Amino acid sequence: MSRARGDEEEYWHSSKFRAFTFDDEDDELSQLKESKRAVNSLRDIVDDDDDDLERVSWSGEPVGSISWSIKETSSSSTSSLEGRDSSLQKGSSSYAAFPKQVSSYSLSSLFKGRNKLPSFQSLSDALSDTGVKNYAPELRRPKAEYKDYSSDWSPKDTVRRMQRGKICSLERFRSLQDKLVLLDEAVAGHDGNVITAVLIFLKRTLRREILFRELEVRQVALCHLIHFLKETGEQKLLLDLLRFLDRTEEVALSQYREHLNIQDVEKRREFLKGCIGLPFSAEDTSHIQDHYTLLERQIIIEANDRHLESAGQSEIFRKYPRKASILNMPLVTTLFYSCFYHYTEAEGTFSSPTNLKKTFKIPDKQYVLTALAARAKLRAWDDVDALFTTKNWLGYTKKKAPIGFHRVVEILQRNNAPVQVLQEYVRLVEDVETRLNLATKYKCHDVVIETYRDLKDRIQLTAYKCKVERGSADEEKINSILNNMVRNACFFFQRLSSEMAVD
Amino acid sequence: MAFAGRRDAPEAPDFGILKRLARDQLIYLLEQLPGKKDLFIEADLMSPLDRIANVSILKQHEVDKLYKVESRPAPSSSDQFCFLVRPRIRTMRYIADIVNADKMSGRSRKYKIIFSPQKFYACEMVLEEEGVFGDVTCDEWSFYLLPLDEDIISMELPEFFRDYFLEGDHRWINSIARALQLLNSLYGPFGKVYGIGRCAKMSYELWRDLEEESEGDSQGRKPEIGNIFLMDRDTDYVTALCSQVVYEGLVDDTFRIKCGSVDFGPDVTSSDKSIKVLLNAQDKVFSQIRNEHFSSVFGFLSQKSRNLQAQYDRRRGMDIKQMKNFVSQELKGLKQEHRLLSLHIGACESIMKKKTKQDFQEMIKAEHSLLEGFDIRESTSFIEEHIDRQVSPTESLRLMCLLSLTENGLVPKDYRSLKTQYLQSYGPEHLLTFHNLKRMGLLTEQSAGETLTAVESKVSKLVTDRAAGKITDAFNSLARKSNFRAISKKLGLIPRVDGEYDLKMPRDMAYVFSGAYVPLSCKIIEQVLERRGWLGLEEVVRLLNGNEFSVSDSAVEDNPAWESQRVVLAVFLGGCTFSEMAALRFLGRERGCKFIFLTTAITNSARMMEATIEAKA
């Protein structure tokens, strides 16, 4: 019999070693849960006074911290003016629990250890007298020092002085030659602040074409000017500069960027319409075109649906009131919306999913993912089924998906699909390991049992018995398979030994 | 090998002095405006300020009310306004509006602007243009360096990344040079300086320049930090874009650590309130798990909670006296530990829950394939599906950038199709984002390199020889090839797998990415320190587009017995991730040296991607 045992073991595949994964709910997490229980069980011993806990206000800032008191001033100063929103009320109740200590030192208590030192060691104590003046602030210098008492600084010295934060008049750099030397020195000095300062001066004292021309061969300085113009919002000059440099794509992008600042949707749509003609690459032009078309659609859908919703006639809007407007949402969000509220509409209407799919050439994969998510959210399992069912010419139906079925399962599961629905798709997952994982995770017992049966993994199958309900059909199924398997194993063994006998 | 064998790493110098300096200077500046005043603080200065001062310190110096700088004008009756701000055009206009509104209504007040860390000429120009130049006084608060932890100093300048790498603006280089000068004068002189990257080089040069003027007092001093390594973020974008799996990195990716502290929401605290927690070496639980791979964290926490349980249980057999002792001596510590344990367990649970939902496992698998360079098709379709499902705009971008960086650009067909689907999923305005990413070389089409060279040579013809070099440099910085695959091969960044990688007993820095990849940035630092220079790394340097340097200060005494020889200041220009810190801390333990991190800001993939997105003005 001992030999039979050995053979049997050979027949049974061994359970695979399992490494740590972030999917492992069972092993690692249970360890964590155990620790948590242990720690929590101590809570009542510990929680009698909370003196170690930091006092934290409703917004999470430690009371007495600067960020906290700023919120205090801002909320108290407005609370009388207007009924502050609910956050204040919520806040005031929980923060009343703390004794109000304006001068609380809770912040300093955070620096335990460090603070044991006499807290106000002076500057001179702290430093062994050397180099103090290096970082003592240069403040309140005598007025005279601000004055440009020497107008003979060389370009290099001028740049150096400016790097050290000293004010220097640049007015004496009047010839183009001098200006350019100054600029080159600034660039060579690596301090962007000074480079920009010199550029501001050049911008003021040179005709723009000349400035542009000189910057074309001074890339570092050019970057600084472009950044400066972006920050100060001198859009017109920026565009002139980019055009001068023949950077047409940047001209287009820079103009397109302005739409971000337009709040009004009608104005935004008009603006986007104007962007279509800008010198984008062919590829980007079509993106801009799509952007415009999308917003145009959204405006129509929004107007329609707002009307529908307020009229209260449409069941779907009554049952699931809209949480936000669809304006300015991405295409996929719009598609989701339309799969949610307008799934059955004919292709002719702007709000129908098929129309969106066609207009924007949405790939199958993306369409199916989005439609699935929307229909699953509504728990419209028949729609889900229809999404994946294909008929061949003989009339046989088959489940097909442009995405992996594990994805389908995941989306369904997230929408709390019942096990019967889930099971059907778990079964279709091709990779055995993934299928097993998913089936175990979502308690699709049938699928687990069948898979282990196909894998001939008796150990796992036996182990799985404790996961199913006692006396349930599932348990029975496992038992019958196990019995069957033993019979099979015996048969296998018999055949093996007879073959050996022949040898 | 220059590294001494297993020696204990030296302690980090005490950086508390930096906080005191900043606080003292701020107090000095506030006193320059005697009398009661309202203080307006820029939003992103609030958390750094919180770390060095508190409300009562401000109150002691006659700050009456505190406001956040925002677009809403202030309804205040104070006679003096003080603005504590970053040097930004937008903020200048906000201040000018307040001043001008006061002028219109005949209200007279004193105004003072304190710029941190420095003033920009462009800001003064705006004040001048708005006609308020003489009405406000300006000062600088040289708050360059905020120590976030024993070994982390941050400049808290996240905008450096976009300003330098996208816009090509050198405005922060002066601040960096000054920060180096300050550190050098307090903890140096640094005997050895290494670096790679254009910004690193420029910062170094400007710093040297500043030092020349204040020369004299550093000689003969015994340094606390002996080596410094400067690195531009664009030397290694790949590492910064990977999903983090060491605990601190995961906490940052999941909850966003802000200025050294994190807000744990109700899902972590299992109560109805949020708790703000400082995460640093003083947290006895956190300090032991921060550098660990996430999979080792559970075991540690459960061990820890068992110990805690046991310690509480001891109390049962105690008599009154023992009990008294227990309560007075141990209970407080135990309670503290209990609180920390339950927070970190809660955080782990929440991370697990979130990551399981996002099929993190599959994403990590795709990332590893990209790093190793196989199954590119499969990874591409994973990314495609990620986009189609609208999982997360920044995550999708991140994966596309990883694909582009590791493959030296996307095949044009893939580029077009991914871009189109991205715009459909997350909004057409991201057209601007794609343009930005292309400029930075983060997401490119495979032919881009050639067209660029054409422009480059065309422009070069127009200029004199002297300027030509600069132009080439400028082009290089705008969009360079990443050459990741070749560099990875040269430096052996993908460890050869023989059997399971034991994440609990890491054998190299690859453990911070589950044993799949040694972070490039850290590998470069390791190699250069080991060789005490770039000798033998010529090919790697070429692939990294050059700009490497290595300087020994001959004036600085080179005493191998000094601990400072084994202290390295690693400077990340453009941000450093917690994974990189964990990797270098590991290296430090292995080699008996101590790394101190100086970064323009703590970064991660999401922050980097967000920095490339265009927002409305």
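Quick notes on this structure:
- The one condition from (1) in contact with a Pro (Cβ under 9 Å, 6 or more places away or on another chain); (2) surrounded by fewer than 23 Cβ atoms within 10 Å (Cβ to Cβ); (3) within 28 Å of B:THR612 (Cα to Cα) that B:THR239 does not meet is (2).
- Residue count for the range A:374-403, restricted to those that are part of a loop (DSSP other than H, G, I, E, B) and either more than 28 Å from the chain's Cα centre (by Cα) or closer than 26 Å to A:LYS319 by Cβ (or both): 9.
- The set of residues in the range A:258-267 being surrounded by fewer than 20 Cβ atoms within 10 Å (Cβ to Cβ) and either within 26 Å of the chain's Cα centre (by Cα) or under 26 Å from A:ILE226 (Cβ atoms) (or both) consists of A:GLU258, A:LEU260, A:ASN261, A:ILE262, A:GLN263, A:VAL265.
- Only one entry in B:LEU437, B:LEU402, B:LEU432, B:LEU397 is in contact (Cβ under 8 Å) with a residue 60 or more places away in the chain, over 23 Å from A:SER286 (Cα atoms) and in contact with a helix residue (DSSP H, G or I) (Cβ under 8 Å, 6 or more places away or on another chain), namely B:LEU402.
- Among the residues of the range A:229-243, just one is in a helix (DSSP H, G or I), more than 8 Å from chain B (Cβ to nearest Cβ) and acidic (Asp, Glu), namely A:ASP240.
- Residues in the range A:244-286 that are among the basic types (Lys, Arg), within 12 Å of chain B (Cβ to nearest Cβ) and part of a helix (DSSP H, G or I): A:ARG257, A:ARG268.
- Positions within the range A:174-208 being of a type outside the set (Lys, Arg), away from chain B (no Cβ under 12 Å) and part of a helix (DSSP H, G or I), in sequence order: A:LEU176, A:GLN177, A:ASP178, A:VAL181, A:LEU182, A:GLU185, A:LEU202, A:THR205
- Verdict on A:ILE300 being free of Cβ contacts under 8 Å to residues at least 60 places away in the same chain, within 13 Å of chain B (Cβ to nearest Cβ), among the β-branched types (Val, Ile, Thr) and surrounded by fewer than 16 Cβ atoms within 10 Å (Cβ to Cβ): no
- From the list B:VAL571, B:VAL518, B:VAL512, the lone residue that is at pLDDT 90 or above, assigned to a helix (DSSP H, G or I) and more than 14 Å from chain A (Cβ to nearest Cβ) is B:VAL512.
- Residue satisfying condition, being part of a helix (DSSP H, G or I), modelled with pLDDT of 85 or more, under 19 Å from A:VAL447 (Cβ atoms) and touching a Cys at 6+ places or on another chain (Cβ under 6 Å), within set A:GLN423, A:GLN413: A:GLN423
- Among (1) aliphatic (A, V, I, L, M); (2) more than 26 Å from the chain's Cα centre (by Cα); (3) under 30 Å from B:LEU405 (Cα atoms); (4) at the interface with chain A (Cβ under 10 Å from one of its Cβ atoms) - the single one B:LEU334 does not satisfy: (3)
- Selection within the range B:19-40 - aliphatic (A, V, I, L, M) and surrounded by fewer than 22 Cβ atoms within 10 Å (Cβ to Cβ): B:ILE27, B:LEU29, B:LEU33
- For B:ILE228, the criteria (1) surrounded by 21 or more Cβ atoms within 10 Å (Cβ to Cβ); (2) part of a helix (DSSP H, G or I) hold in every case but one, which is (2).
- Residue satisfying condition, being out of contact with any Lys or Arg (no Cβ under 8 Å at 6 or more places or on another chain) and part of a loop (DSSP other than H, G, I, E, B), within set A:ALA303, A:ALA346, A:ALA371: A:ALA346
- A Cβ distance below 8 Å, combined with a sequence gap of six or more or placement on separate chains, defines the contacts here; from the range B:201-213, residues that are farther than 15 Å from B:LEU183 by Cα reach residues that are surrounded by fewer than 19 Cβ atoms within 10 Å (Cβ to Cβ) in the pairs B:LYS201/B:PHE549.
- Residue in the range B:580-591 that is buried (at least 20 other Cβ atoms within 10 Å of the Cβ) and assigned to a strand (DSSP E or B) present: no
- Among the candidates B:SER342, B:SER287, B:SER270, residue that is buried (at least 18 other Cβ atoms within 10 Å of the Cβ), within 13 Å of another protein chain (Cβ to nearest Cβ) and not charged (D, E, K, R): B:SER342
- Residue match in the range B:276-286 (condition: out of contact with any His (no Cβ under 6 Å at 6 or more places or on another chain) and assigned to a helix (DSSP H, G or I)): yes
- Residue pairs whose Cβ atoms lie under 8 Å apart, sitting 6 or more positions apart in sequence or on different chains, and linking a residue in the range B:100-120 that is closer than 30 Å to B:GLU156 by Cβ and more than 14 Å from chain A (Cβ to nearest Cβ) to a partner that is part of a loop (DSSP other than H, G, I, E, B) and not aliphatic (A, V, I, L, M), are B:ARG109/B:SER78; B:ARG109/B:ASP79; B:LYS110/B:ASP79.
- B:SER185 being over 19 Å from the mean Cα position of the chain (by Cα) and at negative phi: yes
- Within the range B:345-362, if we keep just the residues that are of a type in the set (A, V, I, L, M, F, W, C) and facing chain A (nearest Cβ under 8 Å), the residue that is farthest from B:VAL297 (Cα to Cα) turns out to be B:PHE360.
- Residue that is farthest from B:ILE364 (Cα to Cα) [pool: residues in the range B:395-418 that are within 13 Å of another protein chain (Cβ to nearest Cβ) and surrounded by 22 or more Cβ atoms within 10 Å (Cβ to Cβ)]: B:TYR415
- Breaking point among (1) within 11 Å of chain A (Cβ to nearest Cβ); (2) crowded, with 19+ Cβ neighbours inside 10 Å; (3) closer than 30 Å to B:GLU11 by Cα, for B:ASP139: (3)
- Scanning the range A:446-471 for residues that are outside any helix (DSSP H, G or I) and either surrounded by 18 or more Cβ atoms within 10 Å (Cβ to Cβ) or in contact (Cβ under 8 Å) with a residue 24 or more places away in the chain (or both) turns up A:LYS456, A:ASP457, A:VAL468.
- Among the residues making up the range A:320-343, those that are in contact with a helix residue (DSSP H, G or I) (Cβ under 9 Å, 6 or more places away or on another chain) and part of a loop (DSSP other than H, G, I, E, B) are A:TYR320, A:PRO321, A:ARG322, A:SER325, A:ILE326, A:LEU327, A:ASN328, A:MET329, A:PRO330, A:HIS342, A:TYR343.
- A:VAL432 vs. criteria farther than 14 Å from A:SER480 by Cα, among the β-branched types (Val, Ile, Thr) and modelled with pLDDT under 80: no
- Where helices (runs of 4 or more DSSP H) fall wholly inside the range B:8-83, no range has 1 or more residues that are more than 7 Å from every other protein chain (Cβ to nearest Cβ) and among the aromatic types (Phe, Trp, Tyr).
- Qualifying residue in the range A:209-228 (condition: within 30 Å of the chain's Cα centre (by Cα), within 14 Å of chain B (Cβ to nearest Cβ) and outside any helix (DSSP H, G or I)): no
The values are calculated or read from the model by the stated rules, or taken from the named source; none is laboratory data. The structure displayed is predicted, hence computed values, not measured ones. Every residue, glycine as well, gets a Cβ built from its backbone with ideal geometry; the counts of neighbours run over all protein chains shown.
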